[in-house]
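Chemist: Have a look at the structure that comes next, please.
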Amino acid sequence: MELILTLKKEIMVPVEMDKILPEKVQDLSEEEIKSIELPQGRTTITVGELFDVEVKESETPRLVIKNSTAKLKRIGEKMTTGEIVVEGDAGMYVGVEMKGGKIVVNGNADSWAGQNMKGGELIIKGDAKDYVGSAYRGDWRGMSGGTIVVEGNVGNEIGEYMKKGIIHIKGNTGIMPGIHQSGGIIIIDGDVEARAGGEMLKGAIVVNGKLKEPLASFKFEGIVENPVIKLTKKDNGMPITGRYYKFSGDYVNNKPKGQLYVSVENNPDLR
Amino acid sequence: MEYIIKNGIVYDPLNGVDGEKMDICVKDGKIVESVSSDVLEIDANNCVVMPGGMDSHTHVAGPKVNVGRTLRPEDSKKDIFNKKGLRSGSGFSVPSTFKTGYEYSEMGYTFVNEAAMPPLLARHTHEEFIDTPQLDKAAMPLFGNNWMVLEYLKEGDFKMCAAYVAWLLRATRGYAIKIVNPGGTEAWGWGKNVHGVDDPVPYFDITGREILEGLAKVNEMLGLPHSIHVHPNDLGHPGNWETTLASMDCVKDIEAKPKYGERTTTYYNTHLQFHSYGGTSWKDFVSKGIETAEYVNKHDHVMVDVGQVTLDETTTMTADGPMEYDLHMTNGLKWANCDVELETGSGVVPFIYSPKGPVYSVQWGIGLDIFLNINTDKVILSTDHPNAGPFTRYPRVIAWLMSKQYRDDWLNNKVHAWAKQKSFVADNDREYSIYDIAKVTRANQAKVLGLSKEKGHLGVGADADIAIYEIDPEEKDGKVIEKAFRYAKYVLKGGELVVKAGNVVKEVYGNTIYINAKVDEALEEELMKDLRTKFKKYYSVNIDNYPVSDHYANSWKAINIDATDIK
Ligand SMILES: [Zn+2]
């Protein structure tokens, strides 16, 4: 079944959307869906009040949100299967703790996209703000699987405490991507504002653009060409193309195993 | 309001009532002989009736607890309390204030004693008490690393030390003398720790032994209801059991002279589990729980609580600053550290006691070794909330004690094999009776705190703090026991029905109990001269702004102690 929700008008107070997962609405009638209450600030609003609701046949469980804005928060939280397509922007916490399935945001995403993600795919066609693929605030056990792709730019501290999985940013990042990273791979095609991999322990970060203000606590390991990134001995590895300065770190930690690859071409002043 | 609790099976150790079917009458907040005919009846058929639970050692309010809350948003997220008509709250190991009050109440508890109040920051503790419903409260200010105490004791001036203790209890509205790692937290201010009872504190040149002896002496000079309440040196270090016994031993010749209550002991060792470690490192770490329990059995001056590890993810918090630093270096998790001017310090670190962890499993076994080998008149059930586990796990601890079968289920299926190899739990068949449970969860607390006239029993004249649990006294199914004690069928607090079927149905606000001890006026004057100089020279606050003022409680209950014989 495919559920199509079209936002009727702009809203001021954000609404939490985590009750509307494709997998959860499969067996519901249109009327039942319309009567679902969603938290809005200190009160609630029904799906019917907020959206025009349309239901279609579909092989896979699908949810399409049209006219979406950054006021719609927690889209796809904890989803395990199916597909969500967001036409417009997604609010904070899109794809939080998702375990499976696929979310595509055809717009921008607010902060905390894919926080503590465990599996599945989150694709953001526009920009995303801070803490993409990070841990919950305060926690030291972050993203543990899945893939996040952002085609635009992102904010600060993405992949914070990341343990596993892949984050691919096609644009630029703010400061400290991969802070406290303890596994997984972050690939950044654009530039990094500063301090990639601060306090990282394990995992890998690839910077294809310019890394401004690299950290002094990383150790230069040499120049590598078309390297294969291996996080464990058994790992088949992920090949990347190009010439890179390879660093290990962050040596503020004891015996760190973090790998940092920085494009030679785009960082002529490095070393 | 009058109530009669009918047909319950009553367990009231302080009055020697061991499972008798009897009715309990309640009027105007007290237990009475009889009630009129216009009375609300509570049917306690097939239920166990006990005095309200009392917690003599828990960390539920104040700056260090709140640092725990702020340090750990991820702990808040784990457990949300949201029930209609009640204040919402959050936090699994460090719950917010209202949630704390409600959850203690759901378990049938009616009194808590906050175990570590930094004197300078006493207001914070009392502010949180105001927002902690359902319970009477008390808090113990920290004395074991306080500059004034260290100096008076070094000079051997017990009178001035007694006058200072009396003044500080009044100024902070505190209840008893708490000592944490005597000398060690002050040493931490110098980047050090002390090891054992005979290692002198930097600059002050006084030892843990001298601090313990001195404050125990002062405690009995004043005649305080509770004894000194001690977290001894070397907490959590393999081989520390010898320090523990040496600490207990050094006050054994001091006589208990409470001017209020019926206490007979002079030394309260909190979280004995953390102090009963053998071996020299974590590799040859073994239980000395039987040894420490046997010492307690043989010595009349000691009372202990256990600090049972519950094998949960929790938050450690203590005034033992150097210990928290060690913990942070061991587990690598985040750490908060605080220094409180002339008085104390503290640290906070999250901790995951995984059942699969060899060391944690032995810690679990050590707590049980103590419980299963000790005289139940001398032991108190605690988890040193939240250090060894949250207070909401007390029912699980009760289940481990009452059911060998349940304990063995954990031993064989959940915890690491080290628990069998390095502790003696596997060999022990002892099971606590409900009567034993009533002792270790209420009666013993009341007696050692000096509150057994009004609390911890169901005799005529006692506060009508009553817990009613739906459980067969012979129950052996661990899960059933756990559920029965987690959610009481009924709870009365101060004569009002506050919990029904495990849900808080009425919000009430208890008293904050503190000690108002008076010493001789001339002595007090001499003390104030000294204190004014000290405050001017060293404190960041003026002495006149230091005492906690009257509006810092829903209602105060002062226990007046006349110590004017100290001149
Ligand atoms: Zn404690």
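The values are calculated or read from the model by the stated rules, or taken from the named source; none is laboratory data. Note that the structure is predicted; figures quoted are calculated from it, not measured. We place every Cβ from the backbone using ideal geometry, glycine too, and count neighbours over all the protein chains shown. Accessible surface is based on the protein model in full, side chains and every heavy atom, while ligands, DNA and RNA are left aside. Shrake-Rupley method; radii C 1.70, N 1.55, O 1.52, S 1.80 Å.
Chemist: Confirm whether B:A163 is more than 16 Å from the ligand (Cβ to nearest atom), within 28 Å of B:T564 (Cβ to Cβ) and surrounded by fewer than 24 Cβ atoms within 10 Å (Cβ to Cβ).
Modeler: no
Table: residues versus (1) in contact with a Cys (Cβ under 9 Å, 6 or more places away or on another chain); (2) away from the ligand (no atom under 16 Å from the Cβ); (3) of a type in the set (D, E).
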site	(1), (2), (3)
B:I42	no, yes, no
B:R69	no, yes, no
B:T97	no, yes, no
B:N113	no, no, no
B:P119	no, yes, no
B:D131	no, yes, yes
B:L135	no, yes, no
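Chemist: Among the residues of the stretch B:290-299, is there at least one that is within 16 Å of the ligand (Cβ to nearest atom), away from every other protein chain (no Cβ under 14 Å) and aromatic (F, W, Y)?
Modeler: no
Chemist: Quick check, is A:K78 more than 14 Å from chain B (Cβ to nearest Cβ) and of a type in the set (K, R)?
Modeler: no
Chemist: Turning to a different aspect of this structure: Which pairs do you get when a residue that is more than 10 Å from B:V32 (Cα to Cα) and among the hydrophobic types (A, V, I, L, M, F, W, C), found in the stretch B:451-466, comes within reach of a residue that is at pLDDT 95 or above and open to solvent by 20 Å² or more (accessible area, probe 1.4 Å), reach meaning Cβ atoms under 7 angstrom, with the pair 6+ apart or on two chains?
Modeler: Close Cβ pairs satisfying both conditions: B:L451/B:G261.
Chemist: Suppose the filter is within 14 Å of chain A (Cβ to nearest Cβ) and at pLDDT 95 or above; does B:G52 pass it?
Modeler: no
Chemist: Tell me, which strands (runs of 3 or more DSSP E) wholly within the stretch B:1-75 include 1 or more residues that are touching a residue at least 60 places away in the same chain (Cβ under 8 Å) and basic (K, R)?
Modeler: Passing ranges, in order: B:17-27, B:30-32.
Chemist: When the residues of the stretch B:183-193 are filtered to those that are part of a loop (DSSP other than H, G, I, E, B) and touching a residue at least 60 places away in the same chain (Cβ under 8 Å), which remaining residue is surrounded by the most Cβ atoms within 10 Å (Cβ to Cβ)?
Modeler: Initial filter on the stretch B:183-193 (part of a loop (DSSP other than H, G, I, E, B)): B:183, B:189-193.
Now drop any that are not touching a residue at least 60 places away in the same chain (Cβ under 8 Å), which leaves B:189, B:192-193.
Numbers: B:G189: 19, B:K192: 14, B:N193: 21.
Selected residue: B:N193.
Chemist: Among B:G144, B:G214, B:G196, which is within 16 Å of the ligand (Cβ to nearest atom) and either away from chain A (no Cβ under 14 Å) or open to solvent by less than 10 Å² (accessible area, probe 1.4 Å) (or both)?
Modeler: Testing whether each residue is within 16 Å of the ligand (Cβ to nearest atom) and either away from chain A (no Cβ under 14 Å) or open to solvent by less than 10 Å² (accessible area, probe 1.4 Å) (or both) leaves just B:G144.
Chemist: So which pairs qualify, if the first residue must be in the stretch B:351-380 and modelled with pLDDT under 95, the second must be of a type in the set (F, W, Y), the Cβ gap must be under 7 Å, and the two must be at least 6 apart or on different chains?
Modeler: none
Chemist: Further question on the same structure: So for the stretch A:104-114 (the condition being hydrophobic (A, V, I, L, M, F, W, C), open to solvent by 10 Å² or more (accessible area, probe 1.4 Å) and out of contact with any helix residue (DSSP H, G or I) (no Cβ under 7 Å at 6 or more places or on another chain)), does at least one residue qualify?
Modeler: Initial filter on the stretch A:104-114 (hydrophobic (A, V, I, L, M, F, W, C)): A:104-105, A:109, A:112-113.
Right, trim to open to solvent by 10 Å² or more (accessible area, probe 1.4 Å) and you get A:104, A:112.
Keeping just the survivors that are out of contact with any helix residue (DSSP H, G or I) (no Cβ under 7 Å at 6 or more places or on another chain) gives A:104, A:112.
Within the stretch A:104-114 (the criterion being hydrophobic (A, V, I, L, M, F, W, C), open to solvent by 10 Å² or more (accessible area, probe 1.4 Å) and out of contact with any helix residue (DSSP H, G or I) (no Cβ under 7 Å at 6 or more places or on another chain)), the answer is yes, since at least one residue qualifies.
Chemist: Does B:I374 satisfy the condition of being open to solvent by 10 Å² or more (accessible area, probe 1.4 Å), of a type in the set (V, I, T) and more than 16 Å from the ligand (Cβ to nearest atom)?
Modeler: no
Chemist: A follow-up question, please. Which residues, taken from the stretch A:119-146, are within 14 Å of another protein chain (Cβ to nearest Cβ) and open to solvent by 10 Å² or more (accessible area, probe 1.4 Å)?
Modeler: A:Y131, A:Y136, A:R137, A:G138, A:D139, A:W140, A:R141, listed by residue number.
Listed here are the residues, each with its yes/no results for (1) closer than 20 Å to B:I398 by Cβ; (2) in a strand (DSSP E or B).
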position	(1), (2)
B:I468	yes, yes
B:I471	yes, no
B:E474	yes, no
B:K479	yes, no
B:E482	yes, no
B:F485	yes, no
B:A488	yes, no
B:L492	no, yes
B:V498	no, yes
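Chemist: Looking at this structure, is A:V149 open to solvent by 10 Å² or more (accessible area, probe 1.4 Å), away from chain B (no Cβ under 14 Å) and of a type in the set (V, I, T)?
Modeler: Judged against the criteria, A:V149 is a match.
Chemist: In the stretch B:308-329, is there at least one residue being free of Cβ contacts under 8 Å to residues at least 60 places away in the same chain, away from the ligand (no atom under 15 Å from the Cβ) and surrounded by fewer than 18 Cβ atoms within 10 Å (Cβ to Cβ)?
Modeler: yes
Chemist: Further, regarding this structure: If you go through the stretch A:16-29 one residue at a time, do you hit one that is more than 22 Å from A:R137 (Cβ to Cβ), small (G, A, S) and in contact (Cβ under 8 Å) with a residue 12 or more places away in the chain?
Modeler: Checking the stretch A:16-29: not a single residue is more than 22 Å from A:R137 (Cβ to Cβ), small (G, A, S) and in contact (Cβ under 8 Å) with a residue 12 or more places away in the chain.
Chemist: Go through A:G242, A:G209, A:G198 for me and flag whichever is modelled with pLDDT of 95 or more and either loosely packed, with under 15 Cβ neighbours inside 10 Å or closer than 13 Å to A:G178 by Cβ (or both). Break it down into steps so the answer makes sense when it comes.
Modeler: Working: A:G242 fails: either loosely packed, with under 15 Cβ neighbours inside 10 Å or closer than 13 Å to A:G178 by Cβ (or both); A:G209 fails: either loosely packed, with under 15 Cβ neighbours inside 10 Å or closer than 13 Å to A:G178 by Cβ (or both).
Among A:G242, A:G209, A:G198, only A:G198 is modelled with pLDDT of 95 or more and either loosely packed, with under 15 Cβ neighbours inside 10 Å or closer than 13 Å to A:G178 by Cβ (or both).
Chemist: Let me ask you something else. What number of residues in the stretch B:345-369 are open to solvent by less than 10 Å² (accessible area, probe 1.4 Å), more than 14 Å from chain A (Cβ to nearest Cβ) and of a type in the set (V, I, T)?
Modeler: Residues flagged as open to solvent by less than 10 Å² (accessible area, probe 1.4 Å), more than 14 Å from chain A (Cβ to nearest Cβ) and of a type in the set (V, I, T) within the stretch B:345-369 amount to 2.
Chemist: Against the conditions (1) closer than 30 Å to B:N15 by Cβ; (2) surrounded by 18 or more Cβ atoms within 10 Å (Cβ to Cβ); (3) touching a residue at least 40 places away in the same chain (Cβ under 8 Å), where does B:N269 fall short? Just the number, please.
Modeler: The failed condition is (3).
Chemist: Let me spell it out: the conditions are (1) open to solvent by 10 Å² or more (accessible area, probe 1.4 Å); (2) in contact with a helix residue (DSSP H, G or I) (Cβ under 6 Å, 6 or more places away or on another chain), and B:G478 meets all of them except one. Which number is the exception?
Modeler: It fails just one condition, (1).
Chemist: Further question: With respect to the numbered conditions (1) open to solvent by 20 Å² or more (accessible area, probe 1.4 Å); (2) closer than 17 Å to A:S111 by Cα, which one is the sole condition not fulfilled by A:I167?
Modeler: The failed condition is (1).
Chemist: A further question on this structure: Examine the stretch A:119-136 for a residue that is in contact (Cβ under 8 Å) with a residue 60 or more places away in the chain and either at positive phi or under 12 Å from the mean Cα position of the chain (by Cα) (or both), and state whether such a residue exists.
Modeler: Checking the stretch A:119-136: not a single residue is in contact (Cβ under 8 Å) with a residue 60 or more places away in the chain and either at positive phi or under 12 Å from the mean Cα position of the chain (by Cα) (or both).
Chemist: Next question, about the same structure. Would you point out which residue out of B:L235, B:L222, B:L245 is open to solvent by less than 30 Å² (accessible area, probe 1.4 Å) and away from the ligand (no atom under 16 Å from the Cβ)?
Modeler: B:L222
Chemist: Looking only at helices (runs of 4 or more DSSP H) that lie completely in the stretch B:412-464, which have at least 3 residues being modelled with pLDDT of 95 or more, of a type outside the set (A, V, I, L, M) and open to solvent by 10 Å² or more (accessible area, probe 1.4 Å)?
Modeler: B:418-422
Chemist: Report the residue count in the stretch B:76-129 for those that are assigned to a loop (DSSP other than H, G, I, E, B), away from every other protein chain (no Cβ under 14 Å) and small (G, A, S).
Modeler: Number satisfying all stated conditions: 3.
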